[in-house]
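Here the structure comes first, spelled out in structure tokens, and everything after it is commentary.
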Amino acid sequence: MTALTLSTAAASGLRADAIVVGVAKGAKGPVVAPGAESVDKAYDGKLASVLETLGASGAEGEATKLPAPSGFKAPVILAVGLGAVPEKDQAYDAEVLRRAAGVAARTLAGSKKAAFALPLESAADAGAIGEGALLGAYAFDAYKGTADAKAKKGAKDTKGPLAEAALLGGKPRDKAYKAAVERALAVAEELNRARDLINTPPNDLYPEAFAAVAQAAGKEHGIKVQVLDEKALAKGGYGGILGVGAGSAAPPRLVKLSYTSSKAKKHLALVGKGITYDSGGISLKPAGHNETMKCDMSGAAAVFAAVVAVARLGLEVNVTGWLALAENMPSGSATRPGDVLRMYSGKTVEVLNTDAEGRLVLADALTKASEDQPDAIVDVATLTGAMVLALGDRTFGVMANDDAFRTSIHEIAEEVGEPSWPMPMPEHLRKGMDSPTADIANMGERMGGGLVAGLFLKEFVGEGITWAHLDIAGPAFHEGAPYGYTPKGGTGSAVRTLVRLAERTAAGDLG
Ligand code: BES
Ligand code: MN
Ligand code: ZN
């Protein structure tokens, strides 16, 4: 794990592998960003023109390495692009700083220490740079190389993440700066843990294994963890979770994580879809659609990470996390298209397509979560391919039974750097799920499939409870080249939105 420190040292005297500076895109070429004045001076004020000679423009995503000026203890200067120079009197956007720090940390993988001399004017900037660095430094190499090579650490084909990020210009004695660093560490470390869970292959991460990870984390962070195994689920009548897990040799689990604060005035419930592998079941997915379906527990991973981060931060709000864990597999014992399940709520569902399994496990968890009468419920799920078609692979959809709450979530997501968009729940789509046999079918019209799924979930939320649904099927798992602080593979989508939501709820900003 990457260490994060605040430093008042001068760039020249710092023992580090590299000094990171910002370069913005000016009207007449690259411009050295604030924070790097002393570095620029050591190049006789010519850093911008040197960078231009090397082909740098200051565009976002750019990373240019050059030898440090003489007299510097660090051998390398790494200039990262910040995009357009902000308008007069405007600071750099937090997300710009986060991404630039992420690019730097990624570029410096394998290094011991990097000093960040990026524009840093406030504790919030320190938090953003810290968060970006820690998220960008992420590497998933648990399955790379032989055990032998790994024992020798880095001897084989992995570099390992940047070990330490020092933020220059930070105020190590200032309360707000210290809090910002603590927050960045808690959020980024737990988010990275969510990424690990998502990236762990499904032969190792099955429902019982995930539940065990939750139990261990609960012990460590003072979170109460209760696990319902398949026997308890049968006794409790959780037909949705059991129906989805019926085809797998690895039985399902429902995990409840309870974080409580003695000063809490509000209670937030978070529900995560935790399909540790989605083969589609008897409605089997074709090749080409199942290779990345280990990511189908990303919602549960996000909920888990958020609850642990909230506990680490000691927020004054009660947060309950629900992880609906099952593996969706075809077998002789699997649920068939045509089967009717009796859900935990008592409603019956005709399963027309076993690949629409997420809504079935979530339905039971939503009903159960409603029993505590929380002030709000938010579920997070890689729910529909339709949402990916609608919003692409970087934006999650937000639906809710309350317009103000949907708007709040969208704004909170924006604030933390997670693209999202509000989606409607048109009532007329409900009748497409009418079933001749049961109370509802698990599938409706194909058009607007993401909205249909939202309408299905809504039926399982307790009367009068404010609820929102985040469909993260697009952004949960990144298959392209890394960018900013986003790696290939599990991204940890929604974790930062959930943590900020908990903070805002604790502060009494919502409802
Ligand atoms: N887990 C998938 C949705 C998904 C698709 C997640 C792509 C990530 C990337 C979900 O369980 C699913 O299969 N949904 C079906 C529903 C349909 C059968 C009604 C879909 O979207 O095709
Ligand atoms: Mn599916
Ligand atoms: Zn699924």
Count of residues meeting criterion [within 16 Å of ligand 2 (Cβ to nearest atom) and outside any strand (DSSP E or B)] in the range 264-281: 3
With the condition kept exactly as written, say whether any residue in the range 404-412 is more than 16 Å from ligand 1 (Cβ to nearest atom) and touching a Lys or Arg at 6+ places or on another chain (Cβ under 8 Å). yes
Among the residues that make up the range 293-307, is at least one of them in contact (Cβ under 8 Å) with a residue 24 or more places away in the chain and either outside the structural domain of GLN226 (by TED's automatic domain parsing) or of a type in the set (Asp, Glu) (or both)? yes
Would you confirm whether any residue within the range 273-281 is within 16 Å of ligand 1 (Cβ to nearest atom), open to solvent by 20 Å² or more (accessible area, probe 1.4 Å) and more than 23 Å from the chain's Cα centre (by Cα)? no
When every residue in the range 461-504 that is aliphatic (A, V, I, L, M) and within 16 Å of ligand 3 (Cβ to nearest atom) is compared, the one surrounded by the most Cβ atoms within 10 Å (Cβ to Cβ) is ALA494
Reported set for the range 394-411 where residues are out of contact with any strand residue (DSSP E or B) (no Cβ under 7 Å at 6 or more places or on another chain) and either of a type outside the set (S, T, N, Q) or surrounded by 23 or more Cβ atoms within 10 Å (Cβ to Cβ) (or both) is ARG394, ASP403, ALA404, GLU411
Test SER261 against the stated conditions and say whether it is closer than 20 Å to MET443 by Cα and either open to solvent by 10 Å² or more (accessible area, probe 1.4 Å) or part of a strand (DSSP E or B) (or both). no
Residue list for the range 275-293, restricted to those being within 11 Å of ligand 3 (Cβ to nearest atom) and not hydroxyl-bearing (Ser, Thr, Tyr): ILE275, ASP278, GLY280, GLY281, LYS285, HIS289, ASN290, MET293
Being within 16 Å of ligand 2 (Cβ to nearest atom) and not aromatic (Phe, Trp, Tyr): is that true of LEU284 here? yes
Qualifying residue in the range 412-430 (condition: crowded, with 16+ Cβ neighbours inside 10 Å, assigned to a helix (DSSP H, G or I) and β-branched (Val, Ile, Thr)): yes
Could you give me the residue pairs with C-beta distances under 7 Å whose first residue belongs to the range 10-32 and is more than 11 Å from GLY58 (Cα to Cα), whose second residue is of a type in the set (Phe, Trp, Tyr) and open to solvent by less than 10 Å² (accessible area, probe 1.4 Å) wherever it lies, and which are 6+ apart or on separate chains? VAL20/PHE116
With the condition being away from ligand 2 (no atom under 16 Å from the Cβ) and within 24 Å of TYR483 (Cα to Cα), I'd like the helices (runs of 4 or more DSSP H) fully within the range 288-402 carrying at least 3 qualifying residues. 298-313
In the range 87-99, which residues are at pLDDT 95 or above and in contact with a Pro (Cβ under 9 Å, 6 or more places away or on another chain)? TYR92, ASP93, VAL96, LEU97
How many of the residues in the range 224-241 are under 27 Å from the mean Cα position of the chain (by Cα) and surrounded by fewer than 24 Cβ atoms within 10 Å (Cβ to Cβ)? 6
Residues (open to solvent by 10 Å² or more (accessible area, probe 1.4 Å) and within 16 Å of ligand 1 (Cβ to nearest atom)) located in the range 296-350: GLU327, MET329, PRO330, THR335, ARG336, PRO337, GLY338, ASP339, LEU341, GLU350
When you scan the range 173-189, how many residues do you find that are in contact with a Lys or Arg (Cβ under 7 Å, 6 or more places away or on another chain) and under 11 Å from VAL495 (Cα atoms)? 1
Read through the list (1) open to solvent by 60 Å² or more (accessible area, probe 1.4 Å); (2) out of contact with any strand residue (DSSP E or B) (no Cβ under 7 Å at 6 or more places or on another chain); (3) in contact (Cβ under 8 Å) with a residue 40 or more places away in the chain; (4) farther than 27 Å from VAL187 by Cα, then give the number of the only condition that ARG99 fails. (4)
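Among the listed residues LYS171, LYS159, LYS153, LYS144, identify the single one that is modelled with pLDDT under 95, on the phi > 0 side of the Ramachandran plot, surrounded by fewer than 24 Cβ atoms within 10 Å (Cβ to Cβ) and part of a loop (DSSP other than H, G, I, E, B).
Checking each option against the conditions leaves just LYS153.
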Within the range 380-403, restricting to residues that are among the β-branched types (Val, Ile, Thr) and under 17 Å from the mean Cα position of the chain (by Cα), the one that is farthest from ligand 1 (Cβ to nearest atom) is VAL398
Residue check for LEU510: within 24 Å of VAL307 (Cα to Cα), surrounded by 18 or more Cβ atoms within 10 Å (Cβ to Cβ) and within 16 Å of ligand 2 (Cβ to nearest atom): no
Would you mind telling me which numbered condition in (1) under 26 Å from ALA506 (Cα atoms); (2) in a helix (DSSP H, G or I); (3) open to solvent by less than 30 Å² (accessible area, probe 1.4 Å) VAL244 fails? (1)
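The values are calculated or read from the model by the stated rules, or taken from the named source; none is laboratory data. Computed from a prediction, not measured in an experiment: that's the story for all the values here. Ideal geometry is used to build each Cβ from the backbone, glycine not excepted, and the neighbour counts take in all protein chains shown. For the accessible areas, the whole protein counts, side chains as well, though only heavy atoms, and no ligand, DNA or RNA atoms are used. Shrake-Rupley method; radii C 1.70, N 1.55, O 1.52, S 1.80 Å.
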